[in-house]
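Please treat every number below as a calculation from the coordinates, not as lab data. Since we're looking at a predicted model, the values are computed, not measured. We place every Cβ from the backbone using ideal geometry, glycine too, and count neighbours over all the protein chains shown.
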Ligand code: SF4
Ligand code: SF4
């Protein structure tokens, strides 16, 4: 099938089959120079190939969809083989249902880079305006669901802490981490939070809470997630054939940037749009989900407020912030101590899981993010040429030092 270049990355524009297990990333052998960079970044050993020869994602069942191979490939040889772009455009034009866009927390901080804005530009209001200009009838923000997820996981943490020697609570907000745990450590699945990731929760809310508020049936709402990575593209495939359940389509940030540019919209100069009252606003804790340690901090903030009975003096859990590979710290929650850890990058999952296995009550809360830098550095975000030139290719014979 013909490929389309979207923000420097190639895509095959055919809609994923509605079946679980579909592969989303592949390597184009004709573009691959065999530099081994993707193999070095792959945390799942899913890629094979000898130096100087075309490589392949030979073990798709092991692939966790993190997209680290794609963002680090210097030849744009790794491509996304499925895309809902054509289907989204068709739905927006047909106007049969309410097309709802659900932007993930991190996308508002990265989208501006595709439009020449400085890295880190906050585009929340402009993103909402652009989505409405594209023809979406509503923008229901995943940050609202991230707040709800922090509350649910905070309550789960407090419940577990009442049980002496209970195993730790693992966050469930990174779909690549969840796939990693399912594939490589299924015996640890009971540690995973029962709360769905904010993106899946937002889709469920769109088709229940918001549908009810709008006086519409769930089947009249077509929910499109704007995601930071390809791992989120599994969600519409997991719901079976039920159009009233979950999200209907997923675009990553690059695909959305392409769509906005195609429509002639200059993101940097559109007037800002406020939040949609149907879904409601969100707190600062919700936006923390974009960065490593953010989910753990949001959970602990809620748990602290719940313990004290007041959110007035909720502390920040600053030691969990930053870009270190692993961070850990202890905090007081009422009379109890909670030891929390944050793992920033799937390459560090095995060491942390080994540590946990050696003492299951060492931590009470562990956040896992597959991409170093969290969702802000997800495999579906705009890839800046300047950032690519900084990637570590120093030990490869294919690049001059
Ligand atoms: S990083 Fe790209 S060019 Fe290098 S081996 Fe992997 S797919 Fe091929
Ligand atoms: S998406 Fe991630 S896990 Fe899959 S092949 Fe690429 S780097 Fe490996």
- Query: For the chain, what is the calculated [θ] at 222 nm in deg cm²/dmol (nearest 500), taking -39500 (n - 2.57) for each run of four or more DSSP H residues and dividing by its residue count?
  - Reply: -8500 deg cm²/dmol
- Given 20 °C and 1.002 mPa s, how large is the Stokes-Einstein diffusion coefficient of region 99-148 in µm²/s, with Rh as the Kirkwood radius over Cα pairs? 191 µm²/s
- Query: Normalised by the residues of region 29-73, what does the relative contact order come to in percent, with Cα pairs under 8 Å and at least six apart?
  - Reply: 41 percent
- Arrange the peptides 149-156, 347-354, 33-40, 224-231 so that the one whose residues have, on average, the most other Cβ atoms within 10 Å appears first. 224-231, 149-156, 33-40, 347-354
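If we count other beta carbons within 10 Å of each Cβ, what is the order of 201, 194, fewest first? Before the final figure, lay out each step's value.
Details: 201 20, 194 10.
Least crowded to most crowded, the residues run 194, 201.
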- Note on the structure: The relative contact order of region 12-158, taking Cα pairs under 8 Å that sit 6 or more residues apart, comes to a percentage of 22 percent
- On each of the three principal axes of the Cα atoms of the chain, give max minus min coordinate, whole Å, ordered largest first. 60, 56, 41
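How much of the DSSP bridge set in the chain is antiparallel, in percent, rounded to the nearest 5? Don't skip to the answer; put the middle values down first.
Working: 17 of 38 bridges.
Around 45 percent of the beta bridges assigned by DSSP in the chain are antiparallel ones.
Mind sorting 288, 267 by how few other Cβ atoms lie within 10 Å of their own Cβ, fewest first? Intermediate values should be presented prior to the final figure.
Values: 288 26, 267 22.
Ascending Cβ contact count within 10 Å gives the list 267, 288.
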- Among 188, 131, 25, which one moves the most in a GNM of the chain with springs linking Cα atoms closer than 10 Å? 188
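Using alpha-carbon pairs under 8 Å, 6+ residues apart, how would you state the relative contact order of region 96-243 in percent? Please report the intermediate quantities before stating the final value.
Details: 177 pairs, mean separation 47.9, N = 148.
Over region 96-243, the number comes to 32 percent.
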